[in-house]
Structure formats: C-alpha cells, structure tokens
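Have a look at the structure below, then the notes.
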Amino acid sequence: MLLTLVLLPLIGTFTVFFVRFVGNKNAAFICTALLGLTFFLSLKSFYFIALMQNPCYMQILPWLLDENLTIFWGFLFDSVTCVMLIVVTSISFLVHVYSIEYMGGDPHLGRFMSYLSFFTFFMLILVTGDNMVQMFVGWEGVGLCSYLLINFFYNRIQANKAALKAMIMNRIGDFGLSLGIMAIFFLCKSVDYHVIFSSIPFLIEKNLHFFNIEINVITAICLLLFIGAVGKSAQMGLHTWLPDAMEGPTPVSALIHAATMVTAGVFLIIRCSFLFEFSDAALDILTIVGALTAFFAATTGLLQNDAKRVIAYSTCSQLGYMVFICGVSGYSASLFHLANHAFFKALLFLTAGSLIHGMQDEQDFRKMGGLSYLLPYSYSMLLIGSLSLAGFPFLTGFYSKDMILELTFSSYLFKGTFAYVLGVISAFFTAFYSFRLIYWAFLAKPNGFRYSYENASESKFFITIPLAILSIASIFIGYLSRDLFLGVGTSFWNNSIFLLPENNLILESEFIPVHNKLTPVIFSLAGSLTAFIIYNFLIKKVFTLNILYIKIYTFLNKRWYFDKIYNEFVALPFISMGYAITFKLIDRGLLEMFGPVGIINKFSKFSQNLSNIQSGFVYHYLFIMLMGVILFILLIMGQTQSFIYINNDIFFVFIALVISLLI
C-alpha cells in the first residue's frame, strides 16, 4: 500500500506519452483518478501509522554501494510523514480536479496534468525518504517541476524570466543544502536519518575552524541546512522568486504555495529537529529570519495591486511564522500551521483563479469592484479564506496562528519577544491587505470594463466543488485537529519530532496573561476594520499626494527594492564580469589562442612561412646550410663538452634567433 501510494503519481506522469491516443480530457481524468486513489491511500496510512502509532521503515533496493557510502532506496513513514502525505495528496487531488475545467481549453492540457502529477511524485519522494540523499532527489525534483510549470506558457517572456528566477534563487539555497549533506556524511559516515540522529550526542562538543573562526559542527550543519530552507521556503533574502511565480497558471500557484514546494524547507527543519535542538545559535537565527520575513512580506503585500501577488506575499509571511516558531522549538505548532495554511491558501488561490477566469483574465483588482452581486459564490469563498488567513476566531487559521504567537511569547527570551511583536504587527497587516483585496474586488464601485461585467459568470462544476471542500476544511480542520497535534500530553508525534525537555513550551503557553492571548485576535480584527473604514470612507482624506506618502507607497509597492538591489549590485556586476573575463578573455582569448583551433591556425601559419624558404636564391640556401652546420657543431659540443664550455642560455637564444628568421 505504502509503495503504491508513492508510485501512483509517477504512473500518472506517463500519461503524457499517450495523450495523442486517449485525448487531453481522458488523460486529465486518468491523472486525477490516480491522485484520488493516492489521497485515499494517504488517509489509510494516516490511520494505521499516525493514529495507531505504527511507524513503518523499509529499504527497497540498493542505490549506491561503496566502501564508505551505502545508500538504499528507503522509505520512512511516521507521524510527520503521514501529515505531509495528507496535505500534499489532498491539495494536489483538488488542484487536479480544478484544472480539468480551468485549463480545459488549453491544447496542452495532458502535458499540464502530467507535470502536476510529476510535481506531486517528487514531493512524496521528499517527505517519505529515509535518508538525506533521497530527500535531496525530491528536493531537486520539485525545483525542476516548478520550472516546467511556471514556464508552462513558454511563449511569454515574463513566464520565462519568472521560471529562470525561481530556478536560480533555489540553486543558491540548494548549494547550502548540498554542503550540509556533505558535512553530515563527513562527520557521521552515513546519510540515513536514524544513523545521523543517533550520532548527534557524540558531536555536541566538537568544533571546527572556518576562516579562523571556531564554530560548533552541529551549528554549522544546521545553518547550511537552513540556507536550503531559506531558498525553498522563500525566506527573506532568497524570497524574490515566490511572487514572480504567479506567471504560471493559477493551479500551479495553488500547488506551489499551499502543499508542495514552499513547504519543503519547513518540512526539512521539522524533520531535522534532532539536529536543531542542539544548536541554540541556529535556533536564534531561525527565529530572527522568520520574524523578519513575516513582517517584510506583510508590509509588502499592503500595496500590491495584483490579486495573485497579494496572496503570494501572504504565503511568504505565513512561511515566516512557520520558521520562527521552529526557532523556539515549536515544531509541532509549525507543522500544524503548515497543514492548516495549506487548505485556506489553496482556497484563496483557486478562488482568485475563478475570479480572474470570470472577469476575462483581469488580475488587477482595482479594475474590478461590485462583484458581490455578480459572483456571490466566489465572494463567499474568498471571504472564508481571508478570514481564516487573518486568524478570525474559531476558523482554521485562528488555532494555529494564535498558538504560534502564544508559544513565542512563552519563551521569555529576547528572540521570543522579538518574534511575538513582529508576528502581531504582521497579523494586523495581513488582515488589512486581505480585506483590501475583498473591498476592491467585491464591495467597491465597479471600475472595470463593461465587456468584463457583461460576461462575468461563476465557474462550472469542476471549479466550484474543490472550492467548497477547501472552504469546509478552512473552517473546521483547525478545531478538529488542534488537540491531536498540540494537546498537552498528546502522543501523536511519538518520536518523529524531538524536543529537549527545557524547550517544551506547550504547557507554559497555557499560563501566559489573557491579554497576551487576545492581542493577536484584536490586531487581526483591527486590521480588517481599518481596511474597510479607510477604503470605504476615508480614502481621499488619508491618501493625499504628499511626498511622504509617495515615498512610502513606492518603497512598499517596489517590494523594499530587493529586486532593484539584486539587479544593480549583484546581477549586473556578474554579467559584466562574465562578458569581460569569461567571454572576451577566456573564450575569445585564451581558448582561441591555445585551444585546438588556435594551435591548428598557428601550425598552418608556420608551415606557410616555412615554405617561403624555397625562394630560388643561392645565398638563401647557403645561409640555411651555414646555420645547419653551426647548429650541428653546437649539438655535438653540448653532448661531449670535452674542449669548450657551452652556455645553455646562449644555445637556446641561438635557436630562438634561427626560428625567428624562419618565421
């Protein structure tokens, strides 16, 4: 059953080779049916492995057998894996169903569905692997599939640029991850999780010297692994690819942002809790980077005008929450928020796609307005998703988001207070831009084209059904699973997540002051109310065209100028250096001079000059004969050295003079 679960999406991938025989629609239904079966098997595995406390570990066949390195194709199914399986397969199945209608008019529907299945397969490889190398295969696979799906409309320049940007930014993080895996193998002599984690107690006091700086080896490994997570989970610094990934079709955005690619980095941190728990420095960095990411993305999303881009920045912000709670050892809360976030974020993206589809592919919500009467179903779905995202009481996002903030406050350390303050402020901004989107799209006066309003209509069955299922999950999943995931004394996680006793804050969070528990909810409600009041009543009074407002608007709308800084201070110098050194000096210089073509040209030129000796003049022949006799005498004298000392330097000078005369 477990191996079938992993392989079914791969079988769906092969339908791309039979599209011409079965047709696009049938290929799409086959891929969707296989994903539905995968989801059913995930539910079954969740019951037997996670709920019944029966973790499963299996090794299938050898992959690399060497004297020092042995790697098997192995699979590890525990509570963490089963939760990820539920998230990945459920969202992927609903995205497949949604795509049948959304991409139904595309002539390459079969290829698109095949890419989605391939994406899901690599994500399953990532979360089920029992060793670092197999995890890295899935890690690189989801990166490849993201490139293929973002660039699905390959005739669009912006899609090409966005796909390349995603690939390059992820390669930076992947470099750090690969170094971390190499360091782990060097120290533990294995890449299997069970060997690595059991070896950690022997490495706690071990240090290494890096650029004359002494650093603990566990801290070094954790930081290298975190660099990989920063790239994949779009933390501040390597986040710029995530908003640009909106150039792909909407189902791709939902799959990347909700269940697959961006969650991989958070999953890596949770899986390696056995490592991170023994490095306070790494945990501090996780907390600070995650909190800054949450705050940065929340402020940037305030003044974006593309519906999908606003939701993309909310993903970046929520990933910051997941990372900084790991920094205070709240791995179970992070995974709980990851699962909850997947459902309401998929709902937001798919509803935005339905809205854009209904408005004739218009993505700027300033050109909408008044759609609550024309598209009431989309309005309801987007409202549910936004309320859950903002942490409205008793919806799914409320239980995990508030628990994250309570746990950070419970740490009673500077990093916890820092993350708590930025997290609460980010909650205010998140509610603000969520309701800004709702107001402009559905409640404001109509601002779009007449043609768009005349043809606006709700989507059909295959789009509306996934939205209904996701809306139910966005309301109830958090309430139904909170005690299972985060209850005091729950044995659900068994040994899949490791916590040092002094870092367990679940019980501590129950005793923090009530006003600190209510603060995130108050800020979220205040953000929603502020957005409604400003845009409904005070917009002309608040946003006057003064210099300060223009500068703030430009700064946030241009995403803190990260792209400008990277383009002008990183990309441009590298491109200039590549042209001046790599191309002009090496490719056009050294390689052309000393490479195969250069050597052939030199020999042909030398042979042409040598043929000029045959001039027909007697004195030329006499000169050559004289030089030959002198050279012969010098050679004999150089070998014997019996009656005169020959200076080798003079000898070589003479040879050079003769060759120069010939040339």
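Rule-based calculations on the coordinates, nothing more; no lab input. Because the structure is a prediction, the values reported are computed rather than measured. Glycine also receives a Cβ, built like all others from the backbone with ideal geometry; neighbour counts cover every protein chain displayed.
Which length gain, in nm to one decimal place, applies between K602 and F511 when the Cα-Cα distance is subtracted from 0.36 nm times their residue separation?
Result for the pair: 24.4 nm of gain on full extension.
Tell me, in nm to one decimal, what length is gained between I522 and Q59 on full extension, where the rule is 0.36 nm per residue of separation less the Cα-Cα distance?
Taking 0.36 nm per residue and subtracting the Cα distance, the gain is 161.6 nm.
Given points 7 Å out from each Cα along the Cα-Cβ axis, report the N504 to Y479 separation in nanometres with one decimal.
Result: 2.9 nm between the two label points.
Which ordering of W493, W63 is given by a fewest-first count of other beta-carbon atoms within 10 Å?
Fewest to most other Cβ atoms nearby, the residues stand as W63, W493.
How do Y147, Y154 rank when sorted from fewest to most other Cβ atoms within 10 Å of their own Cβ?
With the fewest neighbours first, Y147, Y154 line up as Y154, Y147.
Note down the nm distance, to one decimal, between modelled labels 7 Å out along Cα→Cβ at V488 and at E458.
Modelled inter-label distance: 4.5 nm.
Assuming R0 = 35 Å, what is the FRET efficiency of E568 and Y154, from their Cβ-Cβ distance, to the nearest 0.05?
0.80
State, to one decimal in nm, how far the label point of V629 lies from the label point of V195, with both points 7 Å from Cα in the Cβ direction.
Spacing of the two 7 Å Cα→Cβ label points: 7.8 nm.
Non-local amide H neighbours of G129 (under 5 Å, H modeled in plane, Pro and chain starts lacking H): which ones?
L76
Is there a pair in K367/K517; K460/K558; K232/K558; K460/K564; K44/K308; K161/K367 whose C-alpha atoms are over 31 Å apart, and which pairs would that be?
Cα-Cα > 31 Å for K367/K517; K460/K558; K460/K564; K44/K308; rest within.
In degrees from 0 to 90, rounded to the nearest 10, what is the angle of the helix 461-486 Cα long axis to the longest principal axis of the chain?
The angle comes out near 80 degrees.
Relative contact order, percent, of the chain when contacts are C-alpha pairs under 8 Å separated by at least 6 residues?
About 12 percent, as a whole number.
Round to the nearest 0.05 the FRET efficiency obtained for L529 and F449 when R0 = 41 Å and r is the Cβ-Cβ distance.
0.85
Using 1/(1 + (r/R0)^6) with R0 = 60 angstrom and r between the beta carbons of I11 and L622, what's the FRET efficiency to the nearest 0.05?
So, using R0 = 60 Å, E works out to roughly 0.10.
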